[in-house]
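The values are calculated or read from the model by the stated rules, or taken from the named source; none is laboratory data. These figures come from a predicted structure and were not determined experimentally. Positions of Cβ are backbone-derived with ideal geometry, glycine not excepted, and every protein chain shown enters the neighbour counts. Side chains included, ligands, DNA and RNA excluded: accessible areas come from the protein's heavy atoms. Shrake-Rupley method; radii C 1.70, N 1.55, O 1.52, S 1.80 Å.
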Amino acid sequence: MRLVIFGRQGAGKGTQAVELAKHYSIPHISTGDMLRAAVRDGTEFGLKAKEIMDRGELVSDDVMLGMVAERLSLPDAANGWILDGFPRTTQQAEDLRSLLGDAGIDLAIDLNVPEDVVVKRIASRRVCEKCGTNYAAPDINIPTVPCTVEGCGGQAVQRADDTEEAVRKRLALYESQTAPLLDWYHGQGLLVIVDGVGAPTEVQAELVGVIDAAV
Ligand code: AMP
């Protein structure tokens, strides 16, 4: 099963994609997580990527294609995957199509959450510095939340690119660069839209229902 999930920053896309990956026993491949891991590892590439990400801008298409092509060639991706955060531009969607050839993807999912709702969610989003798990702070003024993943012991803090200015830039980029891809996949008969507002477990059930009906 080859799935691509779209949604504005803060739509709950990462959280839902992790659950879908478990449900269908396929790897969750998040380009944002891969880039943040490179930043945490302090590689030269990670440092360059960090500057771009902190500004809320996009890493270049060719760098992203290299990263995704390498990841999709690993053995655990042989029987499918859920791609989260890629493709993000028309060029990346075309690159993915060339990479996959005739097989293509099975389904593109748009997890739809309006902009005013995601802005509020992002303000309370905290991400573990050690393992990357996401949490919602009970109040936007609470800066850190202890990570509850067994054996981690890290603290979840605000992402450097979750500042108001960077968030506004990323949402604008989503509308201009990524939203047109929804039409692109719709034109190929591959798009389903799922309402992402509501309790995460309800949204998950809706996603599974829609995917099972379509794939
Ligand atoms: P995300 O966690 O998906 O919101 O990604 C965080 C940041 O990583 C983005 O704001 C971009 O700077 C970068 N990034 C992730 N995926 C891509 C991609 N497919 N193309 C370009 N930049 C990306």
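Tabulated values for the structure
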| item | result |
| --- | --- |
| Any hit, the stretch 178-186, residues being within 13 Å of the ligand (Cβ to nearest atom) and either surrounded by 12 or more Cβ atoms within 10 Å (Cβ to Cβ) or at pLDDT 95 or above (or both) | yes |
| Any pair with Cβ under 9 angstrom, 6 or more apart, that starts in the stretch 65-77 at a residue that is touching a residue at least 12 places away in the same chain (Cβ under 8 Å) and part of a helix (DSSP H, G or I) and ends at one that is aromatic (Phe, Trp, Tyr) and open to solvent by less than 30 Å² (accessible area, probe 1.4 Å) | LEU65/PHE86; MET67/PHE86; VAL68/PHE86; ARG71/TRP81; LEU72/TRP81 |
| Residue that is nearest to the ligand (Cβ to nearest atom) [pool: residues in the stretch 68-78 that are loosely packed, with under 15 Cβ neighbours inside 10 Å and not aliphatic (A, V, I, L, M)] | GLU70 |
| Positions within the stretch 43-55 being closer than 21 Å to ALA123 by Cα, aliphatic (A, V, I, L, M) and surrounded by 16 or more Cβ atoms within 10 Å (Cβ to Cβ), in sequence order | MET53 |
| Matching option when the condition is touching a residue at least 60 places away in the same chain (Cβ under 8 Å), open to solvent by less than 40 Å² (accessible area, probe 1.4 Å), assigned to a helix (DSSP H, G or I) and over 13 Å from ARG8 (Cα atoms), among VAL192, VAL167, VAL203 | VAL203 |
| Selection within the stretch 206-215 - closer than 14 Å to ALA17 by Cα and open to solvent by 70 Å² or more (accessible area, probe 1.4 Å) | GLU206 |
| Residues of the stretch 99-138 satisfying the condition of being out of contact with any Leu (no Cβ under 8 Å at 6 or more places or on another chain), among the charged types (D, E, K, R) and farther than 13 Å from GLY10 by Cα | ASP102, GLU129, LYS130 |
| Condition check for GLY153: on the phi > 0 side of the Ramachandran plot, modelled with pLDDT of 95 or more, away from the ligand (no atom under 16 Å from the Cβ) and not polar (S, T, N, Q) | yes |
| Given (1) part of a helix (DSSP H, G or I); (2) over 23 Å from GLY42 (Cα atoms); (3) touching a residue at least 24 places away in the same chain (Cβ under 8 Å), index of the condition ASP161 fails | (2) |
| Which numbered condition LEU58 misses (of (1) within 11 Å of the ligand (Cβ to nearest atom); (2) open to solvent by less than 50 Å² (accessible area, probe 1.4 Å)) | (2) |
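Every residue, every condition in (1) more than 8 Å from the ligand (Cβ to nearest atom); (2) surrounded by fewer than 14 Cβ atoms within 10 Å (Cβ to Cβ); (3) among the β-branched types (Val, Ile, Thr); (4) under 17 Å from the mean Cα position of the chain (by Cα), yes or no:
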{"site": "THR15", "(1), (2), (3), (4)": "yes, no, yes, yes"}
{"site": "GLY32", "(1), (2), (3), (4)": "no, no, no, yes"}
{"site": "ASP41", "(1), (2), (3), (4)": "yes, yes, no, no"}
{"site": "ASP62", "(1), (2), (3), (4)": "yes, yes, no, no"}
{"site": "GLY66", "(1), (2), (3), (4)": "yes, yes, no, no"}
{"site": "LEU96", "(1), (2), (3), (4)": "yes, no, no, yes"}
